[in-house]
Structure formats: structure tokens, C-alpha cells
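Every number here is computed from the coordinates shown, using simple stated rules; none is lab data. Since this is a predicted model, take the numbers as computed values, not measurements. Cβ placement follows ideal geometry from the backbone for every residue including glycine, while neighbour counts extend to all protein chains displayed.
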Amino acid sequence: MEKLNEDDKKFVGNVVKKLHSNRPNQKNIESKGGEKEMEKPLTLNEYTCERCSHTWLPRSQEKPRVCPKCMSPYWDRPRKNQPSEEETI
């Protein structure tokens, strides 16, 4: 087994820190009064694009600006004039 150099040690340390920080939100937190509280679980909304019907989970709590698939900034608004089948033929 070979020894790790300084860069490898830093990399492994960062990976371990990241793994520990990504634990589920079940850890106890002390409130200002000294009593322990449980963290509330994070809830994410599922979004669906009105243009391309793509469904996704956001990376943050903010409302998405565009659909990640079709890049439409109007992903949350239905089309005003949807062409009928006769018009498209």
C-alpha cells in the first residue's frame, strides 16, 4: 500500500467533510434556550414545464427561471394559442 502525498490527503479530507455535511437532516440542534430541537426536513417542489412537459426537481428553494430541458423562460405559463391539428397539417 502506497503512502498518500499532501494533495491526496487534502482531497480525501475534503471528500470526508462533504460526506459528513450531506447527511440527512436528522441531527440535533441546540436552540437559544439550551434545549435540543430536531431539524425540519427539507421539502422540494416538483416543477413541470407547460411547454415541453418536462418534470424536474429544483436544486434550490428558488423558483426556476427557465426549464432545464427546453430553456423556455415561460415554462410556468401555458401557451395562449395552441395550434389545432387542422392548422398544423
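Annotations
- Extension gain, Leu57-Asn45: 0.36 nm per intervening residue step, less the Cα-Cα distance, totals 3.7 nm.
- Length gained when the stretch Lys80-Asn14 is fully extended (0.36 nm per residue, less Cα-Cα span): 18.8 nm
- Whole-Hz ³J(HN,Hα) from phi, Karplus 6.51 cos²θ - 1.76 cosθ + 1.60, for the range 62-75, glycine and proline x: 6, 5, x, 7, 9, 6, x, 8, 9, 6, 6, x, 9, 4
- The local environment of Lys63, defined by Cβ-Cβ distances under 15 Å, has a net charge of -1 under the rule Lys, Arg +1 and Asp, Glu -1.
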